[in-house]
Amino acid sequence: MRLLQAFLLVALGQAVICPAANAASGTLSDSACTALAGQNFTPAVGTMVTVTTANVVNRGTVPHCHILATIAPYTGVEIQLPLSDWNGRLLFTGCGGLCGLIRTEQGADALARRYVVATTDMGHQLAPGEDARAWTTDQDLVVEWQHRATHRATLLTKAVIAAGYGQPQDHAYFRGCSTGGRQGLTEALMYPDDYDGIIAGAPAAQMVTPHNVFAYASTFWPDGSNIFTETALSLLAHAVIGACDMDDGLEDGVIGNPGACAFNPSRLRCEGPATDDCLTDEQIATAQKVYSGARRDDGTRFYPMGYAKGTELDWIAGFLGANGRPPRRAGSAQFTVERKIGPDATLADFDYAKHGATGSPVGGLLDFGPNGKKLGRYVNGGGKILLYHGWSDTDATPASSLFFYRSQADAFGEDALPNFLRLFMFPGMTHCRGGSGVDTADFLDAIEGWVEDGEAPESLEAFRTTASPFNYNTHPLDPENVVAGRTLFPYPAASVYDGSGDSNDPQNWTKK
């Protein structure tokens, strides 16, 4: 269905979009590349398109045609098309944070596998020294960021593919993390014909910003002083690891399934005067609030969880500040209260039930539809979603993925969910990558097998390398760079070390 629609889209614009003459399957000549600058892609996108660059790039491992374009009014798009041996696939890569820049390097691994790779700045560009949040007061730019820029850039990329190669892509995939994860889920919900498969990591959706404000605000006394100390958080962190590290059969400083960790901070309660070896009642209550997340007046949670157990050392930098730097949550918290409440608002004015549940100032809420089944159009078209999240993420906590998973399970049924949605939780991984656990897997191979061969991912072999990059690792990995490994299973299952052989070999991990 998506291939037919892509072909028809281009066919409707045949008067202005002409496939490259003599284009062999999967091949794009130098002249055909530069000729793309003269094509009119406006009919395919539905608004003015200007191609500013169309040139051949021979550096790197894959010679490619490099396209830069602008979709009116301000959306920047970059597209890379292999000059030969194109595999018939498109990968659109997501952005991060508030975007404002092109991050095509996020698709370098896919280009190496002969994908066409594309991305967008989501509708605005940041000048050097510019306030990264200033544009959020412009509602048109907010709409671009929320959904319109990604969809239009997708239409443009498909039109460029058809014009360059003389044929549409066989399969279209999206991959992104954080803001990119939210982009992917938004595409599935709002534009279900755009992608056959979506890899969405740590989606910055639903409660992410206000939830962090709640957690941060909970750690202060009314006079603005901190309830926690660095010593208290270090004590709590080591106690949690000591209690739950072995739950996965391996003592490695990583809690395999924090959701099942039964540690209660009341075990550390001071029996007498407060010392560095115990927690006060107020510190215990605050820890419980951070773990649990915000609650409604009737005591029920807004979302499945707060911060996961095992993340307490990160609270030092997030809530107290470290190495002479202010608390990492301070800036986003102030930005949120000012935009939601008013320019003179403070943390003391923030009421989660009133201000927080509507999402971030740039519209992070996902609309699941009146019956919760808005994703049905994507599912009925055969679309697949591979969702992943780090258990130790304190930027976009695991609650965002768990909330999405639970919402879809409630709407479509537990039995139907594995047919189109699988969630993989990464123990010890922080936001999108990094941390003490594994943080990389061959997501492309998994989504290809699921979409193209009907082989749903029953597991993922995940690894940590000596230098996990900001962009995605190229697979297969160099064994010399592998530091740790384990097999992950779709949520709610977890993995345990079977007690024999190398614990860094994924083959020695089993399903629990």
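No value in this document is a laboratory result; all are computed from the given coordinates. Nothing here was measured: the structure is a model prediction, and the numbers come from that model. Ideal geometry is used to build each Cβ from the backbone, glycine not excepted, and the neighbour counts take in all protein chains shown.
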*With a 10 Å radius around each residue's Cβ, average the other Cβ atoms per peptide and rank 109-119, 270-280, highest first.*
109-119, 270-280
*For the range 505-511, in order, what is each residue's ³J(HN,Hα) by Karplus, 6.51 cos²θ - 1.76 cosθ + 1.60 with θ = phi - 60°, in whole Hz (x at glycine and Pro)?*
8, x, 5, 9, 10, 10, 7
*Share of Cα-Cα pairs in the range 370-512 lying beyond 18 Å, as whole percent*: 59 percent
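Treat the count of other C-beta atoms within 10 Å as a stand-in for reagent exposure and order 444, 28 from fewest to most.
Ranked by crowding around the Cβ, least crowded first: 444, 28.
Please report, largest first and rounded to whole Å, the three semi-axes of the ellipsoid equivalent to the range 185-247, where each semi-axis is the square root of five times an eigenvalue of the C-alpha gyration tensor.
Each semi-axis is √(5λ); the values are 37, 21, 6 Å.
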_With only alpha-carbon atoms in the gyration tensor, what are the semi-axes of the equivalent ellipsoid for the range 209-356, in Å, largest first?_
27, 18, 15
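What is the fewest-to-most order of 291, 74, 472 by other Cβ atoms lying within 10 Å of their Cβ?
74, 291, 472
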*asked:* Could you list 325, 148 so that the one with the fewest beta carbons within 10 Å of its beta carbon is first and the one with the most is last?
replied: 325, 148
*How large is ³J(HN,Hα), in whole Hz, for each residue of the range 207-218 in order, when computed from phi with the Karplus curve 6.51 cos²θ - 1.76 cosθ + 1.60 and θ = phi - 60°, using x for Gly and Pro?*
8, 3, 5, x, 5, 5, 5, 4, 4, 5, 5, 5
*What residue among 389, 239, 278 has its Cα farthest toward the positive end of the dipole of the chain, where the charges are +1 on Lys, Arg and -1 on Asp, Glu, each on the Cβ?*
389
*Distance histogram for the range 98-221 (every C-alpha pair counted, 10 angstrom bins, percent rounded to whole numbers)*: 12, 38, 32, 14, 4, 1, 0
*Express as a percent, rounded to the nearest 5, the fraction of DSSP beta bridges in the chain (both residues included) that run antiparallel.*
60 percent
*³J(HN,Hα), Karplus 6.51/-1.76/1.60, whole Hz, each residue of the range 424-441, x for Gly, Pro*: 10, 9, 9, x, x, 7, 8, 6, 6, 6, x, x, 8, x, 6, 8, 9, 8
_Loop sites in the range 180-259: GluC sites (Glu not before Pro), DSSP, at most 13 other Cβ within 10 Å_ = 251
*Quick one: work out Rg over Rh on the C-alpha atoms of the range 272-363, Rh as Kirkwood radius.*
1.00
_Listed peptides 450-462, 160-172 by packing density, highest first (mean Cβ within 10 Å)_ = 160-172, 450-462
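Among 417-429, 212-224, 374-386, how do they line up from the highest to the lowest mean number of other beta-carbon atoms within 10 Å?
Per-residue mean Cβ counts within 10 Å order the peptides as 417-429, 374-386, 212-224.
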*asked:* Considering only C-alpha atoms, what is the centroid distance from the range 364-389 to the range 189-263, in Å?
replied: 24 Å
*Rg to Rh for the chain: what is it, with Cα atoms only and Rh by Kirkwood?*
0.99
